[in-house]
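Visitor: Right, I'll just put the structure down here and ask away after.
The values are calculated or read from the model by the stated rules, or taken from the named source; none is laboratory data. Only a predicted model underlies this, so the values are computations on that prediction, with no experimental measurement involved. Quick reminder, even Gly has a Cβ in these numbers, built from the backbone with ideal geometry, and neighbours come from all protein chains shown.
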Amino acid sequence: MANAAATVSVEKLLHPRSIAVVGVSAAPGSPGEAVVDHLRRFRYDGEIHMVSRNREEVNGIRCVPAIDDLPKGIDAVVLCVPQAAAVEAVRACARREAGAVMIFAAGFAEAGDEGMIAQQQITEIARENGMAVAGPNCMGLTNFIDRVPLTFAPGLKATAVEGQLALCVLTQSGGMMSSLRETSQARGIPLSYAISTGNEAAVGVEDYLAYLLDDALTRVVTMYVEHIRRPQLFLQLASKAREKGKFIVLLHPGKSEASREAAQSHTGSLAGDYTVIQTLLEHEGVIMVDTMEELVDVAWFLTCYPVLPDRGTAIVTDSGAFKGFALDFCQAEGLELPLLSQATIEAIKPVLPEFTTATNPLDITAQALTDMSLYTAAAEAFLADAAVGSLLIAVLPGSPRIGLAKGRAALPAISGSRKPVAYVLLGEGSQLADELIDEMKATGVPLFRSAERAIRALACVTKAGIARSETGRGRCTVTVTPNPLPGTGALPEYLGKQYLAAAGIPVPAGELAADVEAACEIAGRIGYPVVIKISAGEIAHKSDIGGVIVGIGQESELREAWTRLHDNVQRAFPGLKPEGVLVEKMGIRGIEMVVGARRDPEWGPMVMVGLGGIWIEILKDVCFMPTDISEEAIVEKILTLRSSALLRGARGAKPSDLKALAKVVAVVAELMRTTPEVAEIDINPVIVYPDGEGVLALDALVVVSE
């Protein structure tokens with residue numbers, strides 16, 4: 001694979017002025033025959049060369065018997081040869097000074113050790129000769145702008161972009177590339193490129209993405225990627241896409257263990273942790289989706305509308321039942337349904353039936369069958385409302401004739417809208433007039449048969465629009481000057497707390513005691529009640545073995561607890577010699593939260609906050625964040641937790657000190673960001689007190705790389 005900090009030029013793969021097809025078999029349906037047919041149908045206007053051992057010419061073009069017989073300096077060579085011949089064919093391309101090579105054959109890294117060795121040879125040849133080698137195990141690519149089809153994919157249609165803002169389909173899987181391309185073309189979405197990268201021996205998704213971000217016609221890149229091999233570069237490119245006003249929509253399998261194993265066997269690579277990937281990529285503006293349908297639906301909106309909504313959706317329907325469903329589903333998807341302004345209400349009220357109230361969602365009732373101007377009036381009024389970011393019109397189509405009439409009634413108001421509009425014809429089994437489909441496609445209004453898909457896609461683009469409208473992006477402003485790290489590995493609790501305290505995180509007063517007399521002296525100095533905890537690296541969970549005793553109110557209790565603590569430890573770990581006992585001032589009760597962080601070896605650090613104490617494993621009510629997030633944004637994240645009602649002040653309790661909790665998260669984030677030796681931090685629990693009274697880190701683990 002190419003260097004993680006650099007990209008390989010894909011110019012000659014995407015815009016070759018000369019192409020050689022190697023392995024042009026006479027067998028019907030062979031990859032070579034398919035490539036040649038695509039070049040003919042697309043009317044590719046560059047030089048075409050053919051290599052075939054058993055054919056003298058193809059389509060009037062003379063064939064040569066070997067790669068070494070080709071002229072030097074051909075831009076792109078397409079290898080339609082079996083796996084066993086691929087490595088030597090790449091060497092021959094290097095001898096002929098080819099600019100780029102496309103390898104379709106499978107049986108490389110995804111197939112086992114022998115295939116991995118062959119793929120590594122291809123990587124080395126490409127690197128040594130400066131060739132952009134695409135694949136192996138890919139289905140190639142198509143440049144729809146310049147009519148360049150370097151693929152054997154069936155059903156390929158040449159569609160013109162004609163100056164429109166277009167979509168690129170970029171996948172590792174050839175099958176997914178074909179499926180997404182066909183679906184996008186069927187919806188009338190303009191395509192700039194469709195690219196599959198396969199095993200990425202020398203050219204990866206990052207190389208294509210770097211090129212696409214500078215491509216004038218490509219506004220949206222939809223990606224199905226099983227493994228991102230250069231995470232830091234990908235994050236940089238995602239940030240660049242955001243700055244340039246372009247969009248990356250990513251479907252990345254890997255939420256379940258089964259999907260990660262499938263990705264490994266399919267691509268010959270290990271999948272990263274999905275939570276890490278999602279957290280960091282969404283922070284850089286990547287739109288993460290969960291299904292293939294959502295991938296296309298979201299891309300549809302992004303190519304149709306130049307401005308993303310940063311406010312909620314208004315809904316117009318002629319079904320009272322759908323109105324109730326929409327309220328529930330929008331809430332579930334986090335899509336706000338804003339209140340209509342008084343001006344909007346006054347504008348729409350005169351044309352509504354007397355028994356209808358102007359609300360959002362708006363049910364214009366069956367009255368619309370006799371007065372279809374209701375669709376136009378409602379759509380115009382809602383789109384003019386400043387509180388409305390997008391519009392969804394959901395209608396019962398009835399017969400094809402009635403469905404066409406309803407659509408035509410709405411079109412004058414919604415065609416040309418700068419605000420995204422989804423037009424939904426409810427009931428996927430009902431027949432539609434072909435004219436309606438064509439007219440919606442011509443005006444660029446997305447036409448859905450599923451309200452759920454339309455709402456989910458609108459929720460997704462609205463979330464992206466809100467994120468992009470935020471000024472300053474809320475980067476971290478906390479400055480931390482930590483002490484030198486006191487060791488490596490999992491630090492003893494007292495050392496970890498000393499390190500965190502020096503960075504500004506409040507911890508209980510306390511010290512390590514070597515014997516009971518020292519413990520009594522410490523307790524007398526810091527004040528009772530105290531807690532004692534065994535300190536031994538061999539014990540991961542002290543509470544489980546009785547290695548923590550709380551609520552010690554006086555010296556006699558401390559002496560008794562000292563003996564009991566050591567007896568508990570010896571029963572669990574016979575012969576263990578602990579390094580001491582941590583004696584700490586006992587904190588008062590509050591809400592138990594957890595703050596943690598870990599460093600992914602590929603993606604880097606991220607932080608976490610959630611409900612702590614014994615509930616962390618049971619409820620798993622946590623949220624994750626990048627390390628360069630502001631304290632204000634941290635508070636917003638905390639308030640998304642299911643347990644945030646406790647922090648707001650449930651059942652008459654005072655609101656908690658969210659700013660103090662956010663400060664702890666920000667300090668931990670800054671430690672992870674600026675101190676690469678710190679691999680993991682876990683503070684559980686962090687006691688959060690009422691607003692203005694701060695927090696206290698009762699237990700902490702700091703892990704330092706060896």
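Visitor: Does segment 97-109 include one or more residues that are farther than 22 Å from ASN143 by Cβ, of a type outside the set (Lys, Arg) and over 34 Å from the mean Cα position of the chain (by Cα)?
Guide: Checked against the condition, which is being farther than 22 Å from ASN143 by Cβ, of a type outside the set (Lys, Arg) and over 34 Å from the mean Cα position of the chain (by Cα), segment 97-109 yields at least one hit.
Visitor: Can you tell me which of (1) farther than 21 Å from ALA160 by Cα; (2) in contact with a strand residue (DSSP E or B) (Cβ under 6 Å, 6 or more places away or on another chain) is the one ARG230 doesn't meet?
Guide: All conditions pass for ARG230, except number (2).
Visitor: Being part of a helix (DSSP H, G or I), over 23 Å from ASP146 (Cβ atoms), touching a residue at least 24 places away in the same chain (Cβ under 8 Å) and assigned by TED's automatic domain parsing to the domain that holds ALA202 is the requirement here; does ARG91 meet it?
Guide: yes
Visitor: Considering only residues that are over 20 Å from ASP273 (Cα atoms), free of Cβ contacts under 8 Å to residues at least 40 places away in the same chain and not β-branched (Val, Ile, Thr), which ones fall in segment 620-641?
Guide: Matches in segment 620-641: GLU636, LYS637, LEU639, LEU641.
Visitor: Can you name the residue in segment 499-552 that is in contact with a Phe, Trp or Tyr (Cβ under 7 Å, 6 or more places away or on another chain) and assigned to a helix (DSSP H, G or I) and, of all such residues, is surrounded by the fewest Cβ atoms within 10 Å (Cβ to Cβ)?
Guide: VAL516
For every residue, the table says whether it meets (1) of a type outside the set (Val, Ile, Thr); (2) outside the structural domain of LYS620 (by TED's automatic domain parsing).
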site	(1), (2)
ALA523	yes, yes
PRO529	yes, yes
ILE532	no, yes
ALA536	yes, yes
GLU555	yes, yes
THR563	no, yes
ALA572	yes, yes
ARG598	yes, no
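Visitor: Of everything in segment 665-692, what is under 18 Å from ILE616 (Cα atoms) and not charged (D, E, K, R)? Give them in sequence order.
Guide: VAL665, ILE681, ILE683, ASN684, PRO685, VAL686, ILE687, VAL688
Visitor: Residues ASP297, ASP318: which one is crowded, with 21+ Cβ neighbours inside 10 Å and touching a strand residue (DSSP E or B) at 6+ places or on another chain (Cβ under 7 Å)? If you could, list the steps in order and put the result at the bottom.
Guide: Values: ASP297 fails: touching a strand residue (DSSP E or B) at 6+ places or on another chain (Cβ under 7 Å).
Exactly one residue qualifies, and that residue is ASP318.
Visitor: From the list ASN143, ASN137, exactly one residue is among the polar types (S, T, N, Q), touching a Pro at 6+ places or on another chain (Cβ under 9 Å) and in contact (Cβ under 8 Å) with a residue 60 or more places away in the chain. Which is it?
Guide: Details: ASN137 fails: touching a Pro at 6+ places or on another chain (Cβ under 9 Å).
Criteria check complete, one pass: ASN143.
Visitor: Of all residues in segment 38-84 being without any contact (Cβ under 8 Å) to a residue 24 or more places away in the chain and outside any loop (DSSP other than H, G, I, E, B), which is surrounded by the most Cβ atoms within 10 Å (Cβ to Cβ)?
Guide: VAL64
Visitor: Can you name every residue in segment 460-498 that is farther than 30 Å from GLY580 by Cα, of a type in the set (D, E, K, R) and either out of contact with any Asp or Glu (no Cβ under 6 Å at 6 or more places or on another chain) or assigned to a helix (DSSP H, G or I) (or both)?
Guide: LYS463, ARG468, GLU470, ARG473
Visitor: Output the number of the condition that GLU617 fails; it satisfies all remaining conditions of (1) in contact (Cβ under 8 Å) with a residue 12 or more places away in the chain; (2) in the same structural domain as ILE683 (by TED's automatic domain parsing); (3) loosely packed, with under 13 Cβ neighbours inside 10 Å.
Guide: Status for GLU617: all satisfied but (1).
Visitor: Does segment 647-662 hold any residues that are at pLDDT 90 or above and either surrounded by fewer than 20 Cβ atoms within 10 Å (Cβ to Cβ) or of a type in the set (A, V, I, L, M, F, W, C) (or both), and which are they?
Guide: Within segment 647-662, LEU647, ARG648, LYS654, PRO655, LEU658, LYS659, ALA660, LEU661, ALA662 qualify.
Visitor: Wholly within segment 591-706, which helices (runs of 4 or more DSSP H) include no fewer than the required count, namely at least 1 residues that are among the polar types (S, T, N, Q)?
Guide: Passing ranges, in order: 644-649, 658-674.
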